[in-house]
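What follows is one structure encoded as structure tokens, with my remarks underneath.
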Amino acid sequence: MKKYQVAIIGTNIGAKHYEDFQRVKERFNVHTLCGLTRNAIDNILSNETETKVSLNFDEVLKVKEIDIIDICLPPHLHFSACKKAMEAGKHVICEKPLVSSLNEIDKLEKISKETGKIIFPVFQYRYGLGFSKLKALMKSGLTGKPLVASLETHWNRGKDYYSKPWRGTWEGEQGGAILSHSIHIHDLVSMILGPVSNVFAKLSTRVNDIEVEDCAALSIEMENGTLVTSSITLGAANDTSRLRFCFDGLTAESGASPDKPYKPADDDWIFLARKPVQQNQIDEIIYKIKQPESWYTGMFDEIANKLDGYPSQEVTLKDARRSLDFITAVYDSSRQNKNVSLPIGKDNPLYNSWIP
């Protein structure tokens, strides 16, 4: 089994990536950590001496033994960094949002095909015990037809969070709560229920003095007919992420624990039977589910499985495109004050950019 050599580019969320790569050291080695300042890198590495340090992204790309470039930069830098990395012969892991338009993701798909290098978008919320249980119940057939779902992304983001000059701006962050905060919970809904058919969105800036939205209310219809509501704010007292799915045969709900707002898949889920399904049928299935690797660790494991040629549940470029398709539709709906169908066509003005 090959151990993949990784270069992490960026020291903000890159610090968390570095930490979780240490949990899968049998499959990955962080060869290089690249950042703007030596001090920021040293704060992450502490006394660790094997990982190399770089302040130059272009020099990192020249290192032959590096297999994967892990991009943890501000959103407006993602496209160019992904492009450079693939053209240098490297696979890519890239934080969300992968890029800032459907046009850009289509360009990256073309480069990926031309170079033979894979892009692994980051959607780490997918990995954890709660979703493993729900997937097992769906596979068993006990859930039955999905009926409705409700989502809450109620977080607290104020002046300290927006002290970084690129945050809260269209140029730097490329969007607001729809793009940077609720992107995960909407990906989870598509993971469970499939593609979105249409959306009606109301967006507003009500909490912070910023350019982009920090509150939203969405009405969503999935292709399979499931109706979904999504409530989003960055003005809550604490950080809460909650998902509730109502199926014919059961209701599944995340625990919304205050200590796990960013790990809903690891939360304490409740699965309640609805007749004729019996609770003991549900309990028998979920009792057998073993604790999987979760969050970034689970995602990294699936990336290694893919690269090793094993069956995998990695996040794909198709998943990222579906996410950006939804985001584009949300901005389009809000600005036109009407229901918008997906997918978004190349003739839509927002295909090239949703930035005003």
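Quick rundown of the values:
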| read-out | value |
| --- | --- |
| Counted residues, segment 167-181 - those being surrounded by 15 or more Cβ atoms within 10 Å (Cβ to Cβ) and out of contact with any strand residue (DSSP E or B) (no Cβ under 9 Å at 6 or more places or on another chain) | 10 |
| Condition check for Leu137: under 27 Å from Trp295 (Cβ atoms) and in the same structural domain as Gly175 (by TED's automatic domain parsing) | yes |
| In segment 320-350, the residues that are surrounded by fewer than 18 Cβ atoms within 10 Å (Cβ to Cβ) and assigned to a helix (DSSP H, G or I) | Arg335, Gln336, Pro349 |
| Filter pass, Lys145 being surrounded by fewer than 22 Cβ atoms within 10 Å (Cβ to Cβ), farther than 27 Å from His78 by Cβ, out of contact with any Cys (no Cβ under 9 Å at 6 or more places or on another chain) and free of Cβ contacts under 8 Å to residues at least 24 places away in the same chain | no |
| Selected residue [part of a strand (DSSP E or B) and in the same structural domain as Ser140 (by TED's automatic domain parsing)] from Ala265, Ala237 | Ala237 |
| Single unsatisfied condition, Gln174 versus (1) at negative phi; (2) in contact (Cβ under 8 Å) with a residue 12 or more places away in the chain | (1) |
| Residue tally, condition over 18 Å from Gly116 (Cβ atoms) and in contact (Cβ under 8 Å) with a residue 24 or more places away in the chain, over segment 305-336 | 17 |
| Of all residues making up segment 33-66, the number that are in a loop (DSSP other than H, G, I, E, B), touching a helix residue (DSSP H, G or I) at 6+ places or on another chain (Cβ under 9 Å) and aliphatic (A, V, I, L, M) | 2 |
| The listed residue being part of a helix (DSSP H, G or I), surrounded by fewer than 16 Cβ atoms within 10 Å (Cβ to Cβ) and touching a residue at least 12 places away in the same chain (Cβ under 8 Å), out of Lys113, Lys84, Lys107, Lys133 | Lys107 |
| Total residues in segment 23-64, condition surrounded by 18 or more Cβ atoms within 10 Å (Cβ to Cβ), among the β-branched types (Val, Ile, Thr) and farther than 23 Å from Met299 by Cα | 2 |
| Matching residues in segment 231-252 - criterion: being in contact with a His (Cβ under 9 Å, 6 or more places away or on another chain) and among the hydrophobic types (A, V, I, L, M, F, W, C) | Ile232, Leu234, Ala236, Ala237 |
| Criterion: among the small types (Gly, Ala, Ser), at pLDDT below 95 and either within 17 Å of Tyr127 (Cα to Cα) or crowded, with 16+ Cβ neighbours inside 10 Å (or both) - qualifying residue of Ala256, Ala201, Ala252, Ala273 | Ala256 |
| Leu98 more than 25 Å from His181 (Cα to Cα), in contact with a Cys (Cβ under 8 Å, 6 or more places away or on another chain) and touching a residue at least 12 places away in the same chain (Cβ under 8 Å) | no |
| Options Ile289, Ile285; residue that is in a loop (DSSP other than H, G, I, E, B), in contact with a Leu (Cβ under 9 Å, 6 or more places away or on another chain) and either in the same structural domain as Glu213 (by TED's automatic domain parsing) or of a type in the set (D, E, K, R) (or both) | Ile289 |
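The values are calculated or read from the model by the stated rules, or taken from the named source; none is laboratory data. Keep in mind the model is a prediction, meaning the values are calculated, not measured. Neighbour counts are summed over all protein chains in view; Cβ atoms, including those assigned to glycine, are modelled from backbone coordinates with ideal geometry.
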